[in-house]
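Q: Structure incoming, see below.
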Amino acid sequence: MTESSEKKRTQVDDIDRSMYDFIKDESNQEHLEAGLTPEIVREISEKKNEPDWMLEKRLKALEIYHELPIPDWGPSIAGLDMDHIVTYVKPETDQQASWDDVPEDIKDTFDRLGIPEAERSYLAGVGAQYDSELVYHSMQESASKMGIVYSGIEEALEDPKWEGIIHDHFMKLIPPTDHKFAALHGAVWSGGSFVYVPKGVQLDYPLQSYFRLNARGAGQFEHTLIIVEDDASLHFIEGCSAPKYNVANLHAGAVELFVGERAHLRYSTIENWSKNMYNLNTKRAICKEGGDIEWISGSFGSHVGYLYPMSILNGRDAKSSFTGITFAGAGQNLDTGCKVVLNAPRTKASVETKSISKDGGVSTFRSSVVATKNAEDSAATVSCQSLMLDDRSRSDTIPAMDVKCKNVDIGHEATIGRIGDDKVFYLMSRGLSEEEARTMIVNGFAEPVSKELPLEYAVEMNNLIKLEMEGAIG
Amino acid sequence: MSDALLSVRNLSAGVDGKEILHSVDLDVEEGGVHVLMGPNGAGKSTLGHVIMGEPTYDVTGGTITFGGEDVTELSPDKRSLAGMFLSFQAPVEIPGVPLSSFLRAIASARPELDMKRKEFRKRVRELADELDMDRAYLDRELGVGFSGGEKKKVEMLQLLLLKPRLAILDEADSGLDVDALSVVSRGMELYRRECNGTLLVITHNTRILEHLDVDKVHVMVRGSMVTEGDASMIADIDTNGFEQFESLAQAR
Ligand SMILES: Nc1ncnc2c1ncn2[C@@H]1O[C@H](COP(=O)(O)OP(=O)(O)OP(=O)(O)O)[C@@H](O)[C@H]1O
Ligand SMILES: [Mg+2]
């Protein structure tokens, strides 16, 4: 209704991501040679001063990487040229103990992402990754007093107390043989978080980590390993935002979550990658008896995305719930979903996803439910709602089920819809512009996800949707 | 050019090449209470929606003037901000959007209603109380799972919140129980009193009009305005129905 919103409407292809797209001077950071050889892997390993077994794992993974084919069943990743992706960029600072010691430009980056505020409010700890290295990490007294460990994964590896535990869990859920990019990750992983919550410890405020890709053409291979012991409880938040570049960017992180008996883990993510990103992330959780994993997932940005968090329910009465939203705009092909393996009696899984596609964006929802012969009396429900904002966009649903057990109850439901003109008219008749009206409807559509997020993340997600919706009306 | 607040001249409109409104004329005086009646399917709602600028309908001829300005080409939001309001016969549902957030959004689109959050909440609660609405409704998703009567109350709440210069109430009374009916009546009176509002009431139910001083009654049959008169027409229509106007519509 104002002059400026009138103007914004004319820019259809590009949205103002200046809030998120800012590039820091990376000139004095050391780039490793492009291309992937055992030498590079050795060099990465050496710099980290890590145990020999880790180097072995890396080299093994590299071999597997070269053997495995590029996946051909999803969106094309032909635009990726692995030989020219600088896999590792070391930031200028080592890990920081206090916010005051973080260099100004890095601080500025985090400031713009709102991290210090978030921390000040109530978060227990921040492990924020700048490029491939953990540069800033702090943890509130209370959490560590409770015996919770939250640190960079390299740092934990140096501690004899944790080295063994990491050895026993690292890439056990996601073996390098899983797929080509899991192998790549295994070879060149760098940075990430290690969280250990001891038996019976319940943290009632979330831990959060903010990843950020900053170097031109650099990949990001952070590894997150979380172990929540029996009867313990944790909420972990992972958030991403990246600046925009012309060179293809790759993200191939890995998240491995171990949920103990009757333990509870909520893993929330908002991924907001720049529009040239290939996001080939792998996330997996395993639950023991009575364990409960909750995934909350918002996927924004990226050029191409493959993302299917997986829950393996390995003990009786284990539960998994997945609530996710994917927003695919112009030039984006996002293939997302969820996998569940019911591998014990009386397990329960629910998958609820929303997908939005706009301006020719392609959003594919892929789900897989496997019930093994152990899955007596288990149940799973899968529901996917898609919203297409115009005729140029696409939305597909590909559900798969493999049930090897009787007495398993599996429900599936998928709907594809559009924004009703009557709704837009109703809102406009009350004084909202067309863009405001559509944004409100889309935010409402996303509400089942945003309501699961802590307030500031819900606000961020609403802002992201608003950004995506801007200029939607030509 | 009349000095009416709303002036519809020679308005023809339809969908997909099918004309629904045929050269309609209508004047609504500032501060007046006008009633629009007509059999089912006559085009009353269509007229309301076209006046409000619903893009589904193509205006094939004529003009709509509001407050002396030609609004025929304006988008619905601009008409709303200019002071026009349409209460829907069938209000929509917007899942995931709490009624309170929606109200906040439509209020903050207007500078005169841009108040502090706290003040706003107080205002909305007062209105909910006024309309015998459970305050818990404010946290519910707009329209979702609301009964027909509850939806109508939400329309009234918006009317009282936005205080438009002109309110077109499309069957604000249909499907209401006795209590809700008196609540809506009260809302209409309040709007008249507090905002010196102008009403165009579309209804089949004369009861809602009992407490209002009706200035003029317009009758529409099969897409045409067939006659208009004073409040006494209401009783006449009540007894004799619309049959008497059929020939007038055919004559056109
Ligand atoms: N969007 C539309 N598409 C097709 N036909 C329509 C549309 N809107 C209205 N019509 C037709 O136009 C005519 C007038 O409908 P309208 O809803 O305006 O009647 P009404 O006078 O409000 O009736 P009621 O008293 O039943 O509410 C009807 O025949 C209806 O089917
Ligand atoms: Mg009607």
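Q: Could you list, in sequence order, all residues of the stretch B:75-108 that are polar (S, T, N, Q) and in contact with a Leu (Cβ under 6 Å, 6 or more places away or on another chain)? Before the answer, list the steps.
A: First, pick out the residues of the stretch B:75-108 that are polar (S, T, N, Q): B:75, B:80, B:87, B:89, B:100-101, B:108.
Once the filter is applied, which keeps residues that are polar (S, T, N, Q) and in contact with a Leu (Cβ under 6 Å, 6 or more places away or on another chain), the stretch B:75-108 yields B:Ser87, B:Ser100.
Q: Let me ask you something else. So if I check each of B:Leu200, B:Leu212, B:Leu169, B:Leu157, which one is modelled with pLDDT of 90 or more and either in a helix (DSSP H, G or I) or open to solvent by 10 Å² or more (accessible area, probe 1.4 Å) (or both)? Full working, then the answer.
A: Numbers: B:Leu200 fails: either in a helix (DSSP H, G or I) or open to solvent by 10 Å² or more (accessible area, probe 1.4 Å) (or both); B:Leu212 fails: modelled with pLDDT of 90 or more; B:Leu169 fails: either in a helix (DSSP H, G or I) or open to solvent by 10 Å² or more (accessible area, probe 1.4 Å) (or both).
Only one candidate passes the filter, namely B:Leu157.
Let's see how each residue does on (1) more than 21 Å from B:Ala231 (Cα to Cα); (2) touching a residue at least 40 places away in the same chain (Cβ under 8 Å):
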| position | (1), (2) |
| --- | --- |
| B:Asn10 | yes, yes |
| B:Ala13 | yes, yes |
| B:Leu21 | yes, yes |
| B:Asp27 | no, no |
| B:Glu30 | no, yes |
| B:His34 | no, yes |
| B:Pro39 | no, yes |
| B:Val50 | yes, no |
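Q: Now a separate question. Please enumerate the residues belonging to the stretch B:25-36 that are within 15 Å of ligand 2 (Cβ to nearest atom) and more than 18 Å from B:Pro164 (Cα to Cα). Talk me through it step by step, then tell me what you get.
A: Filtering the stretch B:25-36 down to residues within 15 Å of ligand 2 (Cβ to nearest atom) leaves B:35-36.
Within the stretch B:25-36, just B:Leu36 meets the criteria.
Q: Does any residue of the stretch B:78-100 turn out to be open to solvent by 50 Å² or more (accessible area, probe 1.4 Å), closer than 24 Å to B:Thr203 by Cα and within 16 Å of ligand 1 (Cβ to nearest atom)? Spell out the reasoning first.
A: Filtering the stretch B:78-100 for residues open to solvent by 50 Å² or more (accessible area, probe 1.4 Å) gives B:78, B:81, B:89-90, B:93, B:95.
Among the residues that remain, those that are also closer than 24 Å to B:Thr203 by Cα are: B:89-90, B:93.
Those left that are additionally within 16 Å of ligand 1 (Cβ to nearest atom): B:89-90.
Yes, the stretch B:78-100 has at least one match.
Q: Continuing with this model, one more query. Considering every residue within the stretch B:63-82, establish whether at least one is within 16 Å of ligand 2 (Cβ to nearest atom) and among the aliphatic types (A, V, I, L, M).
A: Checked against the condition, which is being within 16 Å of ligand 2 (Cβ to nearest atom) and among the aliphatic types (A, V, I, L, M), the stretch B:63-82 yields no hits at all.
Q: Kindly indicate whether B:Ala128 is away from ligand 2 (no atom under 16 Å from the Cβ), open to solvent by less than 10 Å² (accessible area, probe 1.4 Å), over 23 Å from B:Thr203 (Cα atoms) and not in a loop (DSSP other than H, G, I, E, B). Before the answer, list the steps.
A: Values: away from ligand 2 (no atom under 16 Å from the Cβ): yes; open to solvent by less than 10 Å² (accessible area, probe 1.4 Å): yes; over 23 Å from B:Thr203 (Cα atoms): yes; not in a loop (DSSP other than H, G, I, E, B): yes.
In short, yes.
Q: May I ask you to say which residue of B:Leu11, B:Leu86 is assigned to a strand (DSSP E or B) and facing chain A (nearest Cβ under 10 Å)? Even if it seems obvious, please write down each step before you answer.
A: On the way: B:Leu11 fails: facing chain A (nearest Cβ under 10 Å).
Answer to the check: B:Leu86.
Q: Can you tell me how many residues in the stretch B:140-150 are outside any strand (DSSP E or B), under 11 Å from B:Leu99 (Cα atoms) and open to solvent by 30 Å² or more (accessible area, probe 1.4 Å)?
A: So the count comes out to 2.
Q: In the stretch A:303-318, what residues are open to solvent by 20 Å² or more (accessible area, probe 1.4 Å) and at negative phi?
A: Going residue by residue through the stretch A:303-318, those that are open to solvent by 20 Å² or more (accessible area, probe 1.4 Å) are A:303, A:308, A:310, A:312, A:314, A:316-317.
A:His303, A:Tyr308, A:Met310, A:Ile312, A:Asn314, A:Arg316, listed by residue number.
Q: Follow-up question, since we're still on this one. Within the stretch A:261-278, restricting attention to residues that are assigned to a strand (DSSP E or B) and open to solvent by 10 Å² or more (accessible area, probe 1.4 Å), which residue is farthest from A:Gly361 (Cα to Cα)? Steps first, please.
A: Looking only at the stretch A:261-278, we keep the residues that are assigned to a strand (DSSP E or B), and these are A:264-273, A:277-278.
Those left that are additionally open to solvent by 10 Å² or more (accessible area, probe 1.4 Å): A:264, A:266, A:278.
Values: A:His264: 35, A:Arg266: 29, A:Tyr278: 15 Å.
Taking the candidates together, the pick is A:His264.
Q: Working only within the stretch B:12-40, note down all residues that are away from ligand 1 (no atom under 11 Å from the Cβ) and closer than 15 Å to B:Val217 by Cβ.
A: Once the filter is applied, which keeps residues that are away from ligand 1 (no atom under 11 Å from the Cβ) and closer than 15 Å to B:Val217 by Cβ, the stretch B:12-40 yields B:Asp25, B:Leu26, B:Asp27, B:Val28, B:Glu29, B:Gly32, B:Val33, B:His34, B:Val35.
Q: Something else about it: Within the stretch B:37-59, work out how many residues are more than 14 Å from chain A (Cβ to nearest Cβ) and either more than 10 Å from ligand 2 (Cβ to nearest atom) or in a loop (DSSP other than H, G, I, E, B) (or both).
A: 8
Q: Another question, if that's okay. Report yes if A:Tyr457 is of a type in the set (Phe, Trp, Tyr) and away from chain B (no Cβ under 14 Å), otherwise no. Lay out the reasoning, then the answer.
A: Values: of a type in the set (Phe, Trp, Tyr): yes; away from chain B (no Cβ under 14 Å): yes.
Criteria met by A:Tyr457.
Q: Only one of these is away from chain B (no Cβ under 14 Å) and modelled with pLDDT under 95: A:Ala414, A:Ala446, A:Ala375. Name it. Break it down into steps so the answer makes sense when it comes.
A: Details: A:Ala446 fails: away from chain B (no Cβ under 14 Å); A:Ala375 fails: modelled with pLDDT under 95.
Result: A:Ala414 is the single residue among A:Ala414, A:Ala446, A:Ala375 that is away from chain B (no Cβ under 14 Å) and modelled with pLDDT under 95.
Q: Please determine, by comparing only the residues of the stretch B:99-120 that are in contact (Cβ under 8 Å) with a residue 40 or more places away in the chain and over 18 Å from A:Gly420 (Cα atoms), which one is farthest from the other protein chains (Cβ to nearest Cβ). Before the answer, list the steps.
A: Let us first name the residues in the stretch B:99-120 that are in contact (Cβ under 8 Å) with a residue 40 or more places away in the chain, namely B:99, B:102-103, B:106-107, B:110, B:113.
Of the ones still in play, those that are also over 18 Å from A:Gly420 (Cα atoms) are B:99, B:103, B:106-107, B:110, B:113.
Values: B:Leu99: 11, B:Leu103: 9, B:Ile106: 4, B:Ala107: 9, B:Arg110: 6, B:Leu113: 9 Å.
By that ranking, first place goes to B:Leu99.
Q: Check off (1) crowded, with 18+ Cβ neighbours inside 10 Å; (2) more than 16 Å from ligand 2 (Cβ to nearest atom) for B:Glu243 and give me the number that stays unchecked.
A: So the condition that B:Glu243 fails would be (1).
The values are calculated or read from the model by the stated rules, or taken from the named source; none is laboratory data. From a predicted model like this one, the values you see are computed outputs, not experimental measurements. Ideal geometry is used to build each Cβ from the backbone, glycine not excepted, and the neighbour counts take in all protein chains shown. Quick note on the areas: whole protein, heavy atoms, side chains included, nothing else; ligands and nucleic acids left out. Shrake-Rupley method; radii C 1.70, N 1.55, O 1.52, S 1.80 Å.
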